[in-house]
Structure formats: C-alpha cells, structure tokens
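As structure tokens, the structure follows; a few thoughts come after it.
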Amino acid sequence: MDPLDRRLSELREQLTDVDRELVALVARRQDLASRIGSIKRGAGVPTRDYAREKDVLELAESAARDEGVPADVVRSVMQMLIRASLTTQERARVSAEGRGAGRRALVIGGAGKMGSWFREFLASQGYAVTISDPAGPVDGYAYAADWRAPAKAADLVVIATSLGVTARLLRELADVRPRGLVFDIGSLKTPLKDGLSALGAAGCRVASIHPMFGPDTRLLSGRHVIFVDAGNPEATAEARELFASTMAEQVEMELEEHDRLIAFVLGLSHALNLAFFSALAESGEGADRLARLSSTTFDAQLAVASTVARESPALYFEIQALNEYGDRSLEVLGEAVRRIRDIVREGDEQAFAVLMENGRRYLESRV
C-alpha cells in the first residue's frame, strides 16, 4: 500500500470509530429521553416542551460556533434528534396509557397503507385488533374474511378503504348496527354523507375523522387530525379520545366546511404538482439534463412532485373528482396560470410585482 492509500485508510478507520461513537451517543440520548418521558407521564406533564427545545437548539448553535462547525448543520442534526426523542416519548405514552386494554377493534381495510397505520396505532393502545381486507391476513393480527360478525361485536370499527367502498360500507354497517364506535378516515366527507346519516339513523355511535398525514408518519406532533361532525357529539368526543395520548393537533369542523377547505389544502396542492410534472414530461427536455441545471426552488418543487407521482392514482383521482367543491380550486389555479402568462407576455413588470406582493401578504397572514 502506498503512503497516500495508507494515510487515507487510517483516517477512514478513525472516521468509522467516530461514527460508532456518534451512534452510541444517539442511543444514550434516546434512553435519557425515554426516562424523561416516563417522569413526565407520572407527573402529568405534557410531552412537548417548546421552551426547552429552544434552549437545546441555542446551546447547540453556540457550541457549534465555539468548535468552528457550521451552526445550520448542527441545528439540523439537533432538530432530527429532538424529533426522534419526541417520537420515543409519544409512543411510550400511547402504550403506557393503554386506552384500548381489554377492548376489541376491527380495521376494515387493515392491510392497506392507512389501514396499517391504524391497526398498529390501536394495537399500541392495547386493543385486540382484527383486520378485514380482500388482500388477506397480516402476520400478528386476527383476520376476518367477512367483516360483519366482528363489526357487530367490536368496541371500535375503523373504515380505512377508498371513498367509494367506504360509502357502501357505511350503509351496510347501518344494517349490521355495531354496538361500538364507528368512524371512517376518508379524505372527503360529502360522498360519505348518506352513509354517515344512515348509521346515525340506525342509532349507531358514528364519527368521521380525517388524519392529515401519511402512513409513514411516526410522530404526530405538528400533525393535524380533523374531526367532522357526523351528528353525534359523544361519538366525536370518543374518537378524539383515541388521540389524547399523542401530540396531534385536533380540529373540529362541519362536513361542508371540511370539503370546501380540502379542495384547496389537498385538491389544489395535488393539482399543482400534477401540472408541474406533467409540464416537465411534455416539455421534451430530459429529466437528467434538467437535474444537472437544478436550482434551490426547482429541487424543492421536484422533491414534492416526485412524492405525489408515487402516490395512488385512484386515491388522488377521488380527491379531485368526488369533491363537490373541487371545481373552484381548479378554476382558480387555471386563472392564476393564465394571469401570469398574460402579465409576462405583456411585459408588465409592475403587475408582476403586485402579484408577488399580494402573495407575500397572504402567506404572511397565516402566521
């Protein structure tokens, strides 16, 4: 081995040792976070402490400057470690409080993406979870090919299926009349209105929720769960209680308001990304060539669009096509694109500046 290779090998071995030390320190930090979480639970103290997080980040940035390390890099690392600690504490709290102990839950669609999230979430609370899904059994869970019998006996029934299937299941559940709480997790609610009403008319405890996060979500802090009025306040309160051990932000709203807002929160954002990658695909420019010329804005938009492109076309089509308020969001998107095109074609720099200023003011108003 020549001197250069030998020196590089020595330094790489040292780097590997440092990496091992870092991993050991992360493990130690997680253990301390777990112990802190246990003390907080015993004292009835909230899991998240924003003042403490601020102190941790400021101390880390100060130490970074003392060591001559980029403060933004250290801040990013510490934010990831804080999220990992919060995840550990949140999961431990959910498990320790055992709200589902001795109770039975049925997740219809429990082999799907969000169905999987809910079956694991409920199991962590102590529920005995059964799933019913055409995809078949899932290791570690009881399985029912026909959901009717377990639905009638369950303390909780979660419907985690496509909107069309959910609408049908809600109506069929009204005939079964489950004794426990029933709720759907649909992204839209107006297509489910008749089924929700049928369950209510049958005397069932029915609620409707919309988890505003994906199946890969591990920490619910900063995430929203929407609870939509299905005509039974007691059932809604019971559904909200399922998330009481988490740090999720709980929001209540009326059914029509939900779909009107979702037309922009989901419909508009999805359509924007669909238009973005469709325009790129139809531009005639190679993706590899554009990637070599990427910018900060392009990279950020490309990352979001790439995530959207990998999602279920059926789900995304439902969100666009089944929302009674969906046309409005698509109309304003089209109007905005046409307005930008016209301003640029006319060379109207002042109008362009006004467009950006109005957007800045609107976005700042959300804080």
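Quick one: Kirkwood hydrodynamic radius for the chain, alpha-carbon pairs, angstrom, one decimal?
On the way: mean 1/r = 0.0413 Å⁻¹.
About 24.2 Å for the chain.
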Exercise. How big, in percent, is the set of alpha carbon pairs in segment 84-204 lying more than 16 Å apart?
Worked result: 60 percent
Problem set entry | Sorted largest first, extent of segment 11-157 alpha carbons per principal axis (Å) | 65, 41, 22
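Where both residues lie in segment 208-367, what percent of DSSP beta bridges are antiparallel, nearest 5? The partial results should precede the final answer.
Details: 4 of 9 bridges.
Here the share of antiparallel DSSP bridges comes out near 45 percent.
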Exercise. How far apart, in nm, are two points set 7 Å out from the Cα along the Cα-to-Cβ line at residue 315 and at residue 162?
Worked result: 1.3 nm
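Express the relative contact order of segment 206-318 as a whole percentage, based on alpha carbon pairs under 8 Å and six or more residues apart in sequence.
Details: 93 pairs, mean separation 23.1, N = 113.
Relative contact order for segment 206-318 comes out at 20 percent.
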For this session: Calculate, for residue 335 and residue 28, the FRET efficiency according to 1/(1 + (r/R0)^6) with r their C-beta to C-beta distance and R0 56 Å; round to the nearest 0.05.
Result: 0.50
Exercise. How far, in nm, would the chain grow between residue 175 and residue 365 when pulled straight, counting 0.36 nm per residue and subtracting the alpha carbon separation?
Worked result: 63.7 nm
Exercise. Using 7 Å Cα-to-Cβ label points, what is the residue 344/residue 218 separation (nm, one decimal)?
Worked result: 4.0 nm
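Residue 283 to residue 261: FRET efficiency via 1/(1 + (r/R0)^6), r the Cβ-Cβ distance, R0 41 Å, to the nearest 0.05?
On the way: r = 33 Å, r/R0 = 0.79.
According to the calculation, E is roughly 0.80.
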Exercise. What order do 348, 216, 327 take when sorted by accessible area (1.4 Å probe), most exposed first?
Worked result: 216, 327, 348
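Taking R0 as 56 Å, what FRET efficiency do you get between residue 308 and residue 153 from their Cβ-Cβ distance, rounded to the nearest 0.05?
Numbers: r = 40 Å, r/R0 = 0.71.
Efficiency at R0 = 56 Å is approximately 0.90.
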For this session: Would you mind calculating the relative contact order of the chain from Cα pairs under 8 angstrom and at least 6 residues apart, reporting the percent as a whole number?
Result: 10 percent
Exercise. Quick one: length gained pulling residue 75 to residue 290 fully straight, 0.36 nm per residue minus the C-alpha distance?
Worked result: 74.3 nm
Exercise. What's the long-distance tail for segment 77-145, i.e. % of Cα pairs beyond 13 Å?
Worked result: 65 percent
Exercise. Could you give the accessible area per residue of the chain, probe 1.4 Å, as a whole number in Å²?
Worked result: 58 Å²
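The values are calculated or read from the model by the stated rules, or taken from the named source; none is laboratory data. The shown structure was predicted, so the numbers you read here are calculated from the model rather than taken from an experiment. With ideal geometry, Cβ positions are generated from the backbone for all residues, glycine too; neighbour counts draw on all protein chains shown. Protein only, heavy atoms only, side chains kept; ligands, DNA and RNA dropped before computing areas. Shrake-Rupley method; radii C 1.70, N 1.55, O 1.52, S 1.80 Å.
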